[in-house]
Amino acid sequence: MKNVPRNLTFAANWKMHHGISEARAFAEKFLALTAPSDGRKLWFFPPAVSIATFAAAVKQRPDIAVGAQNVHWEPKGAYTGGISIPMVVEAGARLTLVGHSERRHLFGETDEQVARKTRAALASGITPLVCVGETLAERDGGRTEQVIVRQLSALLQVLDVQQWRDVVLAYEPVWAIGTGKNATPDDAAQIHELIRMELGRNGVSFYVPILYGGSVNAGNVASLLTRPQLDGVLVGGASLDPAGWADVISRGSEAKVRPSGGFDLVES
Ligand code: PEP
């Protein structure tokens, strides 16, 4: 066993905002407002057309990585409108979101497709940030646990234990995304624990980072990140303005408390 430092990750999902010129302007302002900090990762998911511009603009910053919001699992082919992993990698992406609730619920992406995309990302050497979470109806119907377990189970079926070392998860309750409602720190911590237990039951005994997402902003990021169960946040609306996002990052960084001193034991 050895000690490894746990990172704190701030991930920005720009959704269908910030085309090329806006992404360039964002980078210029944001870089002037922030500096690298030990153990802190800043991830950005611009729309596909802006990946190359944004990745080039931030390439001097080792703490910043850029990702795609969605990819196809096939490397090429007759998939009109699709974008493959080799394409986004060539543009500068080192990460991809997979299974964001808007992909699942607005575009009908299934658990099985999410699993295929995750496996393809890992096979290509990019980090999948896989989103799971329940809808309001599922939560009100007392089915949160069942839904999360089902979403994880699709991944557990196709990934071997070793592959989980390169996966990052995001718990994003669908009812909290873009609605202004966010889970309480206790709600979030409880589901993060459930996810970790479910992974452990399936032999994933090492630490898989889990971010929280759902209407995180400058006013609530500190209270969320005082929970040791949270390894960071995935943020949509509050990540669109460079000064606002730098403020969320700064408040969240100050709040993060690691009772263990910030280290976890993992198998060597
Ligand atoms: C998201 O897009 O993943 C998200 C959490 O959005 P918002 O922060 O706007 O709720």
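Sorting Thr110, Thr118 by solvent-accessible area of protein heavy atoms yields Thr110, Thr118, largest first, with a 1.4 Å probe.
Once the dipole of the stretch 1-142 is set up with Lys and Arg at +1 and Asp and Glu at -1 on Cβ about the Cα centre, which of Gly133, Trp43, Gly108 lies farthest towards its positive end? Projecting each Cα onto the dipole axis, the largest value belongs to Trp43. Counting only Cβ charges, +1 for Lys and Arg and -1 for Asp and Glu, the dipole size of the chain around its Cα centre is about 420 debye.
If you plug the beta carbon distance of Asn7 and His105 into 1/(1 + (r/R0)^6) with R0 = 22 Å, you get a FRET efficiency near 0.15. The slack between Asp241 and Glu74, meaning 0.36 nm per residue of separation minus the straight C-alpha distance, is 56.8 nm. Computed extension length for Ala123-Asp186: 19.2 nm, one decimal, from 0.36 nm per residue of separation with the Cα-Cα distance subtracted.
Taking the chain, how much of its Cα-Cα pair set, in percent, is spaced more than 32 angstrom apart? For the chain, the fraction of Cα-Cα distances above 32 Å is 17 percent.
The stretch between Arg165 and Ser205 holds 13.4 nm of extra length on full extension. This uses 0.36 nm per residue minus the Cα-Cα distance. Over the chain, DSSP H runs of length four or greater, each weighted -39,500 (n - 2.57), average out per residue to a 222 nm ellipticity of -11500 deg cm²/dmol. For Lys15, a cut-off of 18 angstrom between C-alpha atoms picks up no lysines at all, skipping any fewer than 8 places away in its own chain. Note that the chain presents 45 Å² accessible area per residue, ligands and nucleic acids not counted, probe 1.4 Å. Shown for the stretch 122-268 is the translational diffusion coefficient from the Stokes-Einstein equation, using the Kirkwood radius over Cα pairs, a temperature of 4 °C and a viscosity of 1.567 mPa s: 81 µm²/s. Estimated from the Cβ-Cβ distance and a Förster radius of 51 angstrom, the FRET efficiency linking Lys29 and Arg143 is about 0.75. Excluding Gly232 itself, calculate the net charge of residues whose Cβ lies under 10 Å from the Cβ of Gly232, where each Lys or Arg counts +1 and each Asp or Glu counts -1. Every neighbour counted, the sum reads +3.
Have a look at Ser215, Ala12, Pro75 and report the one farthest towards the positive end of the charge dipole of the chain, computed about the Cα centre with Cβ charges (Lys/Arg +1, Asp/Glu -1). Among Ser215, Ala12, Pro75, the one farthest towards the positive end of the dipole of the chain is Pro75. How much of the accessible area of the chain, in percent, comes from carbon and sulfur atoms when a 1.4 Å probe is used? Reported share for carbon and sulfur atoms: 52 percent.
Computed over the Cα atoms of the stretch 1-154, the ratio of the radius of gyration to the Kirkwood radius (Rg/Rh) comes to 1.00.
The values are calculated or read from the model by the stated rules, or taken from the named source; none is laboratory data. All figures in this text were calculated on a predicted structure; none of them were measured in a lab. Every residue, glycine among them, receives a Cβ derived from its backbone with ideal geometry; neighbour counts consider all protein chains shown. What goes into the accessible areas is simple: the full protein's heavy atoms, side chains included, and nothing from ligands, DNA or RNA. Shrake-Rupley method; radii C 1.70, N 1.55, O 1.52, S 1.80 Å.
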